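K.L.:
Before we start, here is the structure in question, set down as structure tokens.
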Amino acid sequence: MTMDQILENPSTLTLDTLESRVKQCTRCPLSETRTNIVFGEGDSHARVVFVGEGPGEVEDQTGKPFVGPAGQKLDEVFASVGITREEVYITNVVKCRPPGNRVPTKKEMEACLPYLEAQIALINPGLIITLGNTPTQWLFPSASGITSIRGTFLPWRGGIQLFPMFHPSYLLRYPSRAKGSPKYLTWLDIKRVKKWLDE
Ligand code: SF4
């Protein structure tokens, strides 16, 4: 089955069968340097999907999303409001690590987009949290920079809303918890996500 067919008829797919295909993927040069693909994990019927930029070193080694230092920070953000990984789904724009953790190129993101599209179609969430500038501007090209747009519910498509937040690696660089700091603003944002989940 071609990628076009996957997207034409996602109802014939499951996340597991899609992941099996992604494991064989050579659609872009990141396949040449990856150790493992990092497909994504969590509840296959999650109401909220978190989308990061791409796997880092620990993720590439383990095949799991957000398990390195940024992932530990994300876990802290979740724990601050009682969200668990099991109730959400976590993935990235590209499923293979860009060498040196560089930003994925437009061509790499274009090559990988059908997988993210298929994941979203299969999971059918109500809310997509974009973590940082790359996924935000990739999924919502008219979005302004993350600093001004974070914490905003953006109507996307099919009734799905986007909600940009800072990438957890940004929080690692700015440890202050003072009012107005990235950590403080992220705490406000995740509280809004929790409220949305509880409604
Ligand atoms: Fe395929 Fe995506 Fe990996 Fe590129 S990043 S090889 S498109 S799975």
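The values are calculated or read from the model by the stated rules, or taken from the named source; none is laboratory data. What you see is a predicted model, and the numbers here were worked out from it, not measured in a lab. Cβ coordinates were reconstructed from backbone atoms using ideal geometry, including for glycine residues, and neighbour counts include every protein chain displayed. Protein only, heavy atoms only, side chains kept; ligands, DNA and RNA dropped before computing areas. Shrake-Rupley method; radii C 1.70, N 1.55, O 1.52, S 1.80 Å.
K.L.:
Would you kindly derive the ³J(HN,Hα) couplings of the stretch 139-147 from the backbone phi angles with the Karplus curve 6.51 cos²θ - 1.76 cosθ + 1.60 (θ = phi - 60°), listing them in order in whole Hz, with x for Gly and Pro?
P.N.:
8, 9, x, 7, 5, 7, x, 4, 5
K.L.:
Over the chain, how many percent of alpha carbon pairs lie in each 5 Å bin up to the one with the longest distance?
P.N.:
Result, from short to long distances: 1, 8, 17, 21, 22, 17, 10, 4, 1, 0, 0 percent.
K.L.:
Also: Give the distance, in whole Å, between the Cα centre of the stretch 169-199 and the Cα centre of the stretch 39-95.
P.N.:
Rounded to whole Å, the Cα centres lie 16 Å apart.
K.L.:
Set Lys and Arg Cβ to +1 and Asp and Glu Cβ to -1, take the dipole of the stretch 3-198 about its Cα centre, and tell me which of Thr136, Thr14, Ile120 lies farthest positive.
P.N.:
Result: Thr136, furthest along the dipole toward the positive end.
K.L.:
With viscosity set to 1.002 mPa s at 20 °C, what whole-number translational diffusion coefficient in µm²/s follows for the stretch 80-186 from Stokes-Einstein and a Kirkwood radius over Cα pairs?
P.N.:
Translational D for this selection: 142 µm²/s.
K.L.:
Please list 137-143, 101-107 highest first by mean number of surrounding beta-carbon atoms within 10 Å per residue.
P.N.:
137-143, 101-107
K.L.:
Here's another thing I want to ask about it. Of the residues Gln72, Gln24, Gln119, which exhibits the maximal mean-square fluctuation in a Gaussian network model of the chain defined by a 10 Å Cα contact cut-off?
P.N.:
Gln24
K.L.:
Let me ask something else about it. Just how large is the dipole of the stretch 3-198 about the Cα centre, in debye to the nearest 20, putting +1 at every Lys and Arg Cβ and -1 at every Asp and Glu Cβ?
P.N.:
740 debye
K.L.:
Further, regarding this structure: If I compute solvent accessible area with a 1.4 Å probe over the protein chains, what percent of it on the chain is carbon and sulfur?
P.N.:
So the carbon and sulfur contribution to the accessible surface is 52 percent.
K.L.:
Enumerate the aspartates and glutamates that Lys95 could reach by cross-link, defined here as Cα to Cα under 17 Å, with residues fewer than 8 away along the same chain left out.
P.N.:
Asp16, Glu19, Glu32, Glu41, Glu53, Glu57, Glu59, Asp60, Glu108, Glu110, Glu117
K.L.:
Given the rule -39500 (n - 2.57) for each run of at least 4 DSSP H residues, summed and divided by the residues of the chain, what is its mean residue ellipticity at 222 nm, to the nearest 500 deg cm²/dmol?
P.N.:
Mean residue ellipticity, 222 nm, calculated: -12000 deg cm²/dmol.
K.L.:
Checking the a/c ratio against 1.5 first, then a/b against b/c, what shape does the Cα gyration tensor give for the stretch 136-183?
P.N.:
In terms of gyration-tensor shape, prolate.
K.L.:
Further question on the same structure: Only bridges whose two residues both fall in the stretch 3-198 count here: according to DSSP, what percent of them are antiparallel, nearest 5?
P.N.:
25 percent
K.L.:
What number do you get for the stretch 31-130 when its Cα radius of gyration is normalised by 2.2 N^0.38 Å, N = residues?
P.N.:
It is 1.03.
K.L.:
Ordered by residue, what ³J(HN,Hα) values in Hz, to whole numbers, does the stretch 152-169 give under the Karplus form 6.51 cos²θ - 1.76 cosθ + 1.60, where θ = phi - 60° and Gly and Pro are x?
P.N.:
10, 7, 10, x, 10, 8, x, x, 7, 10, 9, 9, x, 9, 4, 6, x, 5
K.L.:
With θ set to phi - 60° and the Karplus curve 6.51 cos²θ - 1.76 cosθ + 1.60, what are the ³J(HN,Hα) couplings of the stretch 45-56 in order, to the nearest whole Hz, using x for Gly and Pro?
P.N.:
Along the stretch 45-56, the couplings run 10, 4, 7, 10, 10, 9, 10, x, 7, x, x, x Hz.
K.L.:
Taking H placed 1.01 Å from N in the peptide plane, check which residues at least 5 places from Ile129 or on another chain put their amide H under 5 Å from its amide H.
P.N.:
Sorted by chain and number, the residues that satisfy this are Val49, Phe50, Val51, Phe163.
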